[in-house]
């Protein structure tokens, strides 16, 4: 993909996000009224539940940082490095469009943890696959607890597909090794590809690491979905069954993992939120007086604020560690 095509794609998603945001805001009436209700909910947010949400979010980042350590294999990333890197990566994921944060993370791994580009890319890919498995597992369990249906089968299928991808990834990458060598010849790209392929062999050579990383992924998703529950409580939404919140929140978070969102993820995250609740049979006004759309924007803005706050802390920690290395 050429630079012009990448720029055109980014602009398209930015425009689409803006249009989708306006459509959702005006869906249940005037956009001005919806925005007023959103800011009113934010202004009245319960401080106790906001603190609980922030703590749960911080725990998910701690679990992810621990997972980076397990997946980096022979290039161990210390927790004092992986934790701020995780905070910066998550924050950038909320701000930057089309998953540019994943590209940035590979560069951050190289700069602050001396992780080669291929190994960093492999670590990110393995983590993404584990997220799919964990999401399928947690959502399948939560949805089955409330209502049986096709979502359970989709979630289980996603988990199984993720497991197969996880353990067959080295073989899949090996198929493309010779074509890449023939096409690009010796050089940085080929070296990075070989590093990435070798790094994914952790799935067969360090199975205990992979098993623990998978456990952390499932725990991380459970804490993250509890975070959404706490954020809903913060803006006054109560009485919804946990399985509905978990399912809708997982679909919301899935939109963050796809390279389809624009700046600040506005519009696409809320669309996932509305679709997720519709899937569980919830639409219109939620308990507490907010509409699904208003609750979606309120939760997203609070989630975004927490991500930026933790990212600023992570950035400060990285700057301090960088200065110490230069002394």
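One line per residue, one yes/no per condition, for (1) within 22 Å of residue 192 (Cβ to Cβ); (2) assigned to a loop (DSSP other than H, G, I, E, B); (3) at pLDDT 95 or above; (4) in contact with a strand residue (DSSP E or B) (Cβ under 6 Å, 6 or more places away or on another chain):
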position	(1), (2), (3), (4)
45	no, yes, yes, no
54	no, no, yes, no
73	yes, yes, no, no
77	yes, yes, no, no
82	yes, no, no, no
90	no, no, no, no
103	yes, no, no, no
108	yes, no, no, no
112	yes, no, no, no
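Among the residues in the stretch 279-292, are any in a helix (DSSP H, G or I), modelled with pLDDT under 85 and surrounded by fewer than 20 Cβ atoms within 10 Å (Cβ to Cβ)?
If we filter the stretch 279-292 for residues that are in a helix (DSSP H, G or I), which is where we start, we get 279, 292.
From the residues that got through so far, the ones that are modelled with pLDDT under 85 too are 279.
After this cut, where a residue has to be surrounded by fewer than 20 Cβ atoms within 10 Å (Cβ to Cβ) as well, the list is 279.
Yes, the stretch 279-292 has at least one match.
Report the residue count in the stretch 160-209 for those that are more than 24 Å from the chain's Cα centre (by Cα), closer than 29 Å to residue 139 by Cβ, touching a residue at least 40 places away in the same chain (Cβ under 8 Å) and in a helix (DSSP H, G or I). Of the residues in the stretch 160-209, 0 are more than 24 Å from the chain's Cα centre (by Cα), closer than 29 Å to residue 139 by Cβ, touching a residue at least 40 places away in the same chain (Cβ under 8 Å) and in a helix (DSSP H, G or I).
Would you pick out the residues in the stretch 57-73 that are without any contact (Cβ under 8 Å) to a residue 40 or more places away in the chain and surrounded by fewer than 23 Cβ atoms within 10 Å (Cβ to Cβ)?
62, 69
Name the residues in the stretch 264-278 that are without any contact (Cβ under 8 Å) to a residue 40 or more places away in the chain and surrounded by fewer than 23 Cβ atoms within 10 Å (Cβ to Cβ), would you? Break it down stepwise before answering.
Initially, the stretch 264-278 is screened for residues without any contact (Cβ under 8 Å) to a residue 40 or more places away in the chain, giving 269, 272-273, 275-278.
Within the stretch 264-278, 275, 278 qualify.
Mind listing whichever residues of the stretch 74-87 are without any contact (Cβ under 8 Å) to a residue 40 or more places away in the chain, within 17 Å of residue 217 (Cα to Cα) and surrounded by 20 or more Cβ atoms within 10 Å (Cβ to Cβ)? Correct list: 82 only.
Could you please let me know if residue 145 is modelled with pLDDT under 75 and under 21 Å from the mean Cα position of the chain (by Cα)? Spell out the reasoning first.
Details: modelled with pLDDT under 75: yes; under 21 Å from the mean Cα position of the chain (by Cα): no.
Taking the combined requirement at face value, the residue does not satisfy it.
Within this structure, residue 179 passes the test of being modelled with pLDDT of 85 or more, surrounded by fewer than 12 Cβ atoms within 10 Å (Cβ to Cβ) and over 30 Å from residue 244 (Cβ atoms). Scoring residue 225 on the criteria (1) in contact with a helix residue (DSSP H, G or I) (Cβ under 7 Å, 6 or more places away or on another chain); (2) at pLDDT below 85; (3) under 21 Å from residue 273 (Cα atoms) leaves a single failure, condition (2). If you take the residues in the stretch 244-263 that are surrounded by fewer than 21 Cβ atoms within 10 Å (Cβ to Cβ) and within 15 Å of residue 15 (Cα to Cα), which one is modelled with the highest pLDDT? It comes out as 263.
Going by the conditions given, is residue 90 crowded, with 19+ Cβ neighbours inside 10 Å and under 12 Å from the mean Cα position of the chain (by Cα)? Walk me through how you get there before you give the answer.
Details: crowded, with 19+ Cβ neighbours inside 10 Å: yes; under 12 Å from the mean Cα position of the chain (by Cα): yes.
Spelling it out, residue 90 is indeed crowded, with 19+ Cβ neighbours inside 10 Å and under 12 Å from the mean Cα position of the chain (by Cα).
Screening residue 140 against (1) in a helix (DSSP H, G or I); (2) within 24 Å of residue 60 (Cβ to Cβ); (3) modelled with pLDDT of 85 or more leaves a single unmet condition, (3).
The values are calculated or read from the model by the stated rules, or taken from the named source; none is laboratory data. Remember, predicted model here, so these are calculated numbers, not experimental data. Note: ideal-geometry Cβ built from the backbone for every residue, glycine included; neighbour counts use all protein chains shown.
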